[in-house]
1. What are the chymotrypsin sites (Phe, Trp or Tyr not before Pro) within region 608-689 that DSSP puts in a loop, where the Cβ has at most 15 other Cβ atoms within 10 Å?
2. Report, to the nearest whole %, how much of the accessible area of region 345-449 belongs to carbon and sulfur atoms, 1.4 Å probe, protein only.
3. In sequence order, what are the phi-derived ³J(HN,Hα) couplings for region 505-520 according to the Karplus relation 6.51 cos²θ - 1.76 cosθ + 1.60 with θ = phi - 60°, rounded to whole Hz, with x for glycine and proline?
4. Could you rank Leu786, Leu139 by how accessible they are, 1.4 Å probe, largest area first?
5. Relative contact order for region 616-725: what percent, with Cα pairs under 8 Å and sequence separation of 6 or more?
6. Can you pull the accessible area of Ser66 for me, 1.4 Å probe, Å² to the nearest 10?
7. From Cα pairs below 8 angstrom and at least 6 apart in sequence, can you work out the relative contact order of region 489-572, rounded to a whole percent?
8. Give me the accessible area of Thr419, 1.4 Å probe, in Å² rounded to the nearest 10.
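The values are calculated or read from the model by the stated rules, or taken from the named source; none is laboratory data. Given the structure is predicted, the values throughout are model-derived calculations rather than measurements. Cβ placement follows ideal geometry from the backbone for every residue including glycine, while neighbour counts extend to all protein chains displayed. Areas reflect the complete protein model, heavy atoms only, side chains present, ligands, DNA and RNA absent. Shrake-Rupley method; radii C 1.70, N 1.55, O 1.52, S 1.80 Å.
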Amino acid sequence: MGMESSSTHFTNIRSLDTDSKIEDSGNNLVIEAYPLGMMPPMNAVDAEDEGESGVPEPYVGLEFDSADVARDFYTFYAARMGFKVRTGQLYRSRTDGSVSSRRFVCSKEGFQISSRTGCPALIRVQRRDSGKWVVDLFLKDHNHGLESSTEENHTLILQKKSSMPTNTVVELSHRPKVKLIKAIEDKPHCPSGVISAKRLKRGGEEMQSEIDLSAGLEFNSANEAYQFYHAFAENTGFRIRIGQLFRSKLDGSITSRRFVCSKEGFQHPSRVGCGAYMRIKRQDSGRWVVDRFDKNHNHEFESHLEIQKKNLFSSKKFIEEEIGGLEIEDIVDINSGNLVKTRRENHIGSDWYSVLFDYCQTRQAEDTGFFYAVEVDNGSCMSIFWADGRSRFSCSQFGDAIIFDTSYRKSIYLVPFVTFIGINHHKQPVLLGCALVADESEKSFTWLFQTWLRAMSGRRPLSIIADQDDMIQQAIMQVFPGTHHRFSLWQIKAKESEHLSVMNSSFKYEYEKCIYQCQTADEFETAWNALLSRYGLKDNAWLKAMYEKRRSWVPLYLRATFFAGIPFNESIESFFGARFNAQTSLKEFVSQYERGLERRREEEIKEDFNSFNLKAYLQTKEPLEEQCRRLYTLNTFRVFQKELLQSYSYLGFKIYDEGAIIRYLVRKCGNDDEKCVVTVGASIPEVSCSCRMFEFEGILCRHVLRVFQILDIKEVPPCYILRRWTRNAEYGIPCESELGGNPRELKTLMVWSLREAACKYIEAGATSLEKHKLAYEIMREGGRKLCWQR
């Protein structure tokens, strides 16, 4: 059988009706595809004429127009050889997120169910720059017996016309990308509308699934176990929820998980306290094993049709597995056969919107500064954002460095809850807004950032800490141009654990020294290249990608940007702690949110009280220590005081003095490696240090304080005491120098400062009739002075 050039071309690909017939197309051999379980009699195939050469064997270098064509080729090859195919892993480009590689595997790959034997047979195809897909890995051997070439293992049947020239071009009418869900006349269809090999026997007769639950089942991941239990539940006739998880007391990692029947518990009228569940435990090898389960339910099972309708979008990965790797967007209407116009995936339950709308409207009636907005896509509600007046005021004071907390992504959460967090003058986390995210798309994050910016009167942050995610990165660049994006520490650590876990302790020590101790770009470049060369990692794809993005995670490149002193090597505690997890229900969400917010704000009030009523103990006789104790909050003063005390352990030497610039080398006594350069300008307030602590945290470092001692400077110049760190940060407005002379930001701060003061004034004045009269008289007097009194 002839083939064009050295690559395999499948041309004129078309979707088939279920009653496909063999067509005579002249010199073309037409290969027709039939839906699963609807095959013509095997005697229609002239196996002797066709022989084993009907489909060429895969080989490295074999080329296809698309990944779908490669899949169809391997599926057809599998049918001829006597095995079945599943769609395996896919890999995405780190640059644009597009699919760059796919694996198609034997159906007996893995061990998730008893019928699988861990078969290694597969082909892997990679996308080239030309757009073609090329086989770069082919494993032929199976570890199980192959079925005979009979009706049972064929999903594509080859029909051959009696006369065919030698150089015949093969035309494939392949299994269409879009599954046909139209009911077949005189043939019962699969309950879900998707024809599945696990559901049908020959002739369309339904059979029981091979999936069964037993102790000792092993899985590669918790997600894989979830997909298995999802499949088991669907076959049995119930739905599942994610139950409790248990963490290690040593490192906080998840050690055990429970998946339960959706009718477990009594939190909702539909729940009846069902005891059915499956529990998995993580082994030292990293695999997960079923160690306990209960198959007994205390309720009637639902039909397969109802179960599959309700579960259609609950587990995209599972659906892809069941229908041979198709995307959810490929599902076709069961009655009309037409492609349903798809919408964006939505992780927020439809019943959440009415509850959240009621909550937001109630809060808006109580708080005139309360803001909320809903993203609408094709007439459907998507993400929802809200921020109360207190959060909006806090942003006017502490919105210069923010954390976009998406910690729900660390695990399987029912609540896709994100928060915008700032750091207040007590160095406490403060809420600047929150949202439920419908999907993790660029469009969703862009809408969310734009909405937050609008709620905060257009004041962009100087820096943002957020996940290393292509969608989030694109949204930040679009909405916050000029804002320095720093990657989340938990994600960096997770990636390091994933990619560098096989390296020894010596490498890890040198790696961390390179990352955290280099002071200049040249020093980092030299140390990085030496590290990769020494351990043979120059071709490590992950390290290459991280080097390209070094300005978003290596401390050296972050120190020149204000991050409110948020440390590089410590994770910031989630604002709401562990209040929201996989078990959080709709009924609990609002009350948990309110309680968590109230607790945080009570802690802030407590620190306000302490800062105004308690005094830190002075440990030197330096006037600037007394000055900073008077101005700073207690927690900020402790940071400054530590730097002041450390300054006495350093020596300073003048190394440059020419014209208006003087430079000092400041090094620690007995440690020549710990040193920095302090530059002093013509006027004393102009000072900077190579350690960049003031730029990063807004508090002067020990090196600068040592130079102040050498120059006999008794007080910290006012421009080096940021208002955001002072006891009066929430009162009045910053000086114009801190705002960069931006009149819009100045007006925003004035509005929010007056609004916050007015709210407190109103609360105090409304406590009694006498106080109301007094407050009203004061307001009238103030009105006369402002010339707005009627």
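1. Those satisfying the criteria are Tyr617, Tyr648.
2. Solvent-exposed carbon and sulfur of region 345-449 make up 49 percent of the total.
3. Whole-Hz 3J(HN,Hα) from phi for region 505-520: 5, 4, 5, 4, 5, 5, 4, 5, 5, 4, 6, 9, 10, 5, 9, 10.
4. Per-residue accessible area, sorted high to low, gives Leu786, Leu139.
5. This gives 24 percent for region 616-725.
6. 40
7. Computed over region 489-572, the figure is 36 percent.
8. 10
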